[in-house]
Amino acid sequence: MTVSIPQLRAFTATVDAGSFTGAAAVLGIGQSAVSHAVAGLEREVGGAVVHRGGSATATPLGERLLAHARSAVASIDALEAVVTPATARGTVRLAAVPTVCQGLLPRLRELWAVTLPDVDVQVYEGDDDEMPEWLEGGTVDAAVLVDPTPVPTGAVVVARDEMAAVVRRDHPLASQEALTLDDLHEDGLVAGGGGCEVQIQRLHELDGQPFRWAHRVREMNTMFGMIQRGEGVSIVPTLGRGMLPDDLVMLPLERRLTRTLVLSGPSSRPWHPLAQALVDAVG
């Protein structure tokens, strides 16, 4: 069983406030984040901990957990008061590729809003190859790097996802369980879009094919627009599923390729204290 402090905070705040909305106001995060945290706790403990529909009071299981949850939260609060440095206040610049900005950073920022309430995280969106350049050049203080080799010292893996095909919902390929590169090339592959070209090249290497495309774009919105107009199909990370327009669908690839997303500070200079605080909060 893996229970997190944010889950316990959400649980105790919901019971105290009598609603998810009230807990969200107390914690300074979205209502959906509170609901997801409580749901995550319920999955870990094997049952409902709060009643839904009406006042959010503790269930019998929740009552048995409540005192322990309050004790754990109080202990963490006391610990943070001792070890959280005075520098955990201010602005930190964080870079990430578009799919991470859309699919991962909202969850991380909700976590940081609770654990680092006085830190303002400014997001810089860029492509895969811009991340290390910005990080080492001092444009940003931290970055979510895609498949760094080796993983920088002190960095932490924050997510993994897979590459997947994107086609129109009414496309004949949309009925397939999984697609190949040959399937996509028949329709015309739109490559690029938000820094995914390195992974698309790797898929071609794994298939023993030369990297080829019908169109090569930079922006994901451009790529999605071309697919919507029937000008091709594409490959994007599954983290980008939430960015898809309603008339596009994501399908698995027969050739699986996983991305590893790593939160890190620079390797060529000392880390900004707030970059270290971001990493410590999710480590």
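Taken together, the values in this text are just the output of simple stated rules run on the coordinates, not laboratory data. Quantities reported herein were computed from a predicted structural model and do not represent experimental measurements. Cβ: placed from backbone, ideal geometry, glycine included. Neighbour counts: every protein chain shown.
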note = Checked against the structure, the computed Cα Rg over 2.2 N^0.38 Å among (i) 1.04; (ii) 1.15; (iii) 1.09 is the one labelled (ii)
query = Where does helix 105-115 land angle-wise versus the long Cα axis of the chain, in degrees 0 to 90, nearest 10?
reply = 20
query = What percent antiparallel are the DSSP beta bridges of the chain, to the nearest 5?
reply = 55
inquiry  = If I fit a long axis through the Cα atoms of helix 197-206 and take the longest principal axis of the Cα atoms of the chain, what angle between them do I get, 0 to 90°, rounded to 10?
reply    = 60
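Using a Förster radius of 22 Å, what is the FRET efficiency between V198 and T139 based on their Cβ-Cβ separation? Nearest 0.05, please. Each step should come with its number before you reach the end.
Details: r = 20 Å, r/R0 = 0.92.
E(calc), rounded to 0.05, equals 0.65.
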message = Given the DSSP H assignment, sum -39500 (n - 2.57) over each helix run of at least 4 residues in the chain and divide by its residue total; what's the result at 222 nm in deg cm²/dmol, nearest 500?
response = -13000 deg cm²/dmol
Amide hydrogen neighbours beyond the local backbone of S19, cut-off 5 Å, H modeled = A56
query = Relative to the Cα centre, what is the charge dipole magnitude of the chain, using +1 at the beta carbon of each Lys and Arg, -1 at the beta carbon of each Asp and Glu, and rounding to the nearest 20 debye?
reply = 740
ask   = Using Cα atoms only, what is the angle between the long axis of helix 31-45 and the major principal axis of the chain, expressed in degrees (0 to 90) to the nearest 10?
value = 80
